[in-house]
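Worksheet: the structure to be examined is printed underneath.
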Amino acid sequence: MKKMFNYISAFILIALLSGCADYVTFQQAILMENVGFWYGLWHGMIAPFAWFCSLFSDSVSIYAIYNNGGWYDFGYILGICSFSSSLSYL
């Protein structure tokens, strides 16, 4: 029973977080302010959900093209690691 509750909770969490994906064209990205560490962390946390959505839609990407470089990448990797380590508790 507890395992089923964990699966249902994970599904609900996935459904809620998938609504956080952002869509930006290259023309819009040129005009946008660069994002840094905190956005990279968040994008890393939702990357698995964005990847799943990108399988079905060409308008979804898993990486922000308007980032500021190294700090965004560092946050992105930390976000992916924190998401994957949280799955080990299920």
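None of the figures in this text is laboratory data; all of them are computed from the coordinates on show. This one's a predicted model, so the numbers in the text were calculated from it and none came from an experiment. Here the Cβ positions follow ideal geometry from the backbone for every residue, glycine too, while neighbour counts run over all protein chains shown.
Amide hydrogen proximity for V35: with H placed 1.01 Å from N in the peptide plane, the residues at 5 or more positions away or on another chain lying under 5 Å are N67, N68. Taking every DSSP helix (H) stretch of at least 4 residues in the chain, weighting each as -39,500 (n - 2.57) and dividing the sum by the residue count yields a mean residue ellipticity at 222 nm of -19500 deg cm²/dmol.
Sorting the segments 34-47, 61-74, 2-15 by their residues' average number of neighbouring beta-carbon atoms within 10 angstrom, most packed first, yields 34-47, 61-74, 2-15. Taken one residue at a time, the phi angles of the stretch 60-65 give Karplus couplings (6.51, -1.76, 1.60, θ = phi - 60°) of 10, 10, 9, 9, 6, 7 Hz. Gly and Pro are set to x. The Kirkwood radius of the chain, taken over pairs of alpha-carbon atoms, gives through the Stokes-Einstein law at 37 °C and 0.692 mPa s a diffusion coefficient of 235 µm² s⁻¹.
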